[in-house]
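Working notes, beginning with the structure itself.
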Amino acid sequence: MKKVNILYCRLSRDDGDGAIESNSISNQKAILIDYAEKNGFTPYIVAADDGYSGTNYNRPGWQELMTKVENDEVNAVIVKNLDRMGRNYLQTGMYREMFAERGVRLIAVSDGIDTASSEGDDFLPFREIMAEWFARDCSRKVKAVFRSKGMAGKHIASHVPYGYKKSENDKGAWEIDDPAAEVVRRVFALTIEGFGPSVIARKLRESETEKPSYYFAKQGIGNHQNMDFDDPYRWDSKTVADIIARVEYTGCTVNFKTAQQSYKNKKRYNNPDDKLMIFEDTQEAIVSRETWELANKLRNAAKRVVSRLGEPRPMTGLLFCGTCGGKMYHDRSAPNVKKPKDYYNCANHKKNAGCTSHRVNANQIEQLILSLLHDISECANISEENFRKRIADMWNVKRDGDMKARKKRLTFCDKRIIELDRLIKNLFEQQTLGNLSEKRFSQLSAEYEAEQENLESEVADLRLEIESINDTEERTDGFLEIIRKYREFTELTPEMLNELVDKIVVYERAEKKVMYTEQKIEIYFNFVGTLVIPKEQSEEELAAEADKRERFLKQREYSREYYRKCKEAGVKKLGDLDTRTPEQRAEDEAAEKARQKEHYRNYQREYSRKNAEKKREYAREYRAQKKAVGESPETMASADAGQRASANPPPNPAA
């Protein structure tokens, strides 16, 4: 088989825009074909890699070339320059040695290199090293440019997020893409309503909403322009979750999300949060910051899963245990059972993690929240000024206590940080003087530095909390805006609860195994925290409230006494307790035996009567059949009796 000559061309992405003409793929092909035809390198084939870096040899054109080399199908490999092979001098040298072992001639036209002659071979390794240095220098310069743009708050991402588009006037600016932005807003709205990514993806499929990759491909942008889409509406949960997590929809820019280890390795990894650069208000927001934070908070809450038991309660995901801080899970059963379950339990109690149940009835807590929200809405509708003043007064009282405690802690942390600096400095001095061993020095310095790092983090959090406590007016405005949205309501919805309520903390009941007892429940609202709305009541309402309280106390006392008696008797309920005397119990047992005996006699009589009736009926049918065939009943009866006697002998009396 005649061997072929391979003309290899390569152009990296870095050489794409603004590259000199001699490095274009078409120009490389023209030079190589002209050289091959003039110097008799025929037949030849052309292998090209357009848009591939020279630092990585995992390129389709190069892999095809190497396959032919390994199969001994190649006479010569011809390139325009040696750096068109690659810019990794170790791998380039390895391939060059492989060509020499297999008798493949390597020619670099512009560099004047031909391995068939010994001239210039001594400088090949240096040329390969210079090619790699060039790649490293280009990588460093490109990184510097991107770093400068990123630190200036400019967009450095190659593609815009779904919901935005590049501005026609300024390619570095983003504008809202209205059709896609509506889908993004719908995703956030459904998340606030309590739906998870899987359910949202199913709803988008059912409404035939185009998925982002197909939407971008139609416009000729993105990484899937040449893909054949079997189903352009097939959303998946990961796409929805990525949309919810993108903070760019609040109008900010996030730079340096990913990085790569080396210019030789194109694989990227996610940067930690402390290396991200976030710039606010760089483009128009699609959703508000509050909406984004609420949606992401709900992503980590307990999931409201629709199952065969029906739609879950709207409070699911908002209840937390007041003892361990764990989530409260909705424990329910099918509605058609005799005693259906419908309450919330601490998750750590269900997992046997050492916490108690903290059980609370779902209907009661829903009515409590509904009543409190009605009172808040009514108070805000009557007079917003009075409502603002009431919240301000409550926050002033709370702020005085919280501010005092936080400032005290902040002062302590600042003093301790200064003291740790002095202790670390003293450690260095003692170690330098030889008074402290290296092992002891390393142990103490690591402990002091870890403590100092924790304190500095706590100080930053305390300063933010102190600043947030002073934002009373801004918090009140945000809460009132949501209250105006829900002026009239008769039932609770997940969307309404998620926007108004931050969390509901449930404490353990004052007494267990008692039907009537007290249980503390704290409701924390978004923006304002806990709220107590005192109501002006008439004398009749006050009397009814006092009467209700008195009935509750009586019922609780009765419940306590009932439980005490059951515990002493060792039964679950007093109805199971046997209070008869021994004589009454003996009489009842004798009467029960007599009843059972009489029932057995009656059963025997009835059985005998039915059996005799069946025998008479059989005899009548038998005589009628024999009479119909013309034989005497007596003859046939005796014959039939003999046959039956021989077939069924009489039972043994002894048996």
Just one of the numbered conditions (1) touching a helix residue (DSSP H, G or I) at 6+ places or on another chain (Cβ under 7 Å); (2) modelled with pLDDT under 90 is not true of Ile6; which one? (2)
Screening Asp170, Asp236, Asp137 for residues that are without any contact (Cβ under 8 Å) to a residue 24 or more places away in the chain and outside the structural domain of Asn88 (by TED's automatic domain parsing) leaves only Asp170
Of the numbered conditions (1) touching a Pro at 6+ places or on another chain (Cβ under 6 Å); (2) more than 30 Å from Ser139 (Cα to Cα); (3) not β-branched (Val, Ile, Thr), Glu248 satisfies every one except a single condition; which is it? (2)
Residue pairs within 7 Å by beta carbon, gap of at least six or interchain, first lying in the range 87-104 and assigned by TED's automatic domain parsing to the domain that holds Cys9 and on the phi < 0 side of the Ramachandran plot, second surrounded by 14 or more Cβ atoms within 10 Å (Cβ to Cβ) and of a type in the set (Lys, Arg), listed first then second, are Asn88/Lys264
Kindly provide the set of residues from the range 407-431 that are within 20 Å of Glu465 (Cα to Cα) and either among the acidic types (Asp, Glu) or not assigned by TED's automatic domain parsing to the domain that holds Asn454 (or both), ordered by number. Asp414
Being without any contact (Cβ under 8 Å) to a residue 12 or more places away in the chain and not in a loop (DSSP other than H, G, I, E, B), is that true of even one residue in the range 524-534? no
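Are there strands (runs of 3 or more DSSP E) fully within the range 19-108 with at least 3 residues that are β-branched (Val, Ile, Thr)? List them. Show your work before the answer.
Numbers: elements: 44-50, 74-79, 105-108.
Strands (runs of 3 or more DSSP E) meeting the threshold: 74-79.
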Starting from residues that are more than 30 Å from Phe527 (Cβ to Cβ), surrounded by 12 or more Cβ atoms within 10 Å (Cβ to Cβ) and β-branched (Val, Ile, Thr), keep the ones in the range 413-470 and report whichever is farthest from the chain's Cα centre (by Cα). Ile424
What residue, among those in the range 239-275 that are surrounded by fewer than 17 Cβ atoms within 10 Å (Cβ to Cβ) and small (Gly, Ala, Ser), is modelled with the lowest pLDDT? Ser262
If Thr67 satisfies all but one of (1) among the hydroxyl-bearing types (Ser, Thr, Tyr); (2) closer than 30 Å to Ser158 by Cα; (3) at pLDDT 85 or above, what's the number of the condition it fails? (2)
Kindly indicate whether Lys203 is modelled with pLDDT under 90 and over 15 Å from the mean Cα position of the chain (by Cα). no
Look through Phe216, Phe229, Phe195 and report the one residue that is over 19 Å from Glu182 (Cβ atoms) and aromatic (Phe, Trp, Tyr). Phe229
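The values are calculated or read from the model by the stated rules, or taken from the named source; none is laboratory data. What you see is a predicted model; the values in this text were computed from it and never measured. Cβ sites come from the backbone with ideal geometry, for glycine too, and all protein chains shown count toward neighbours.
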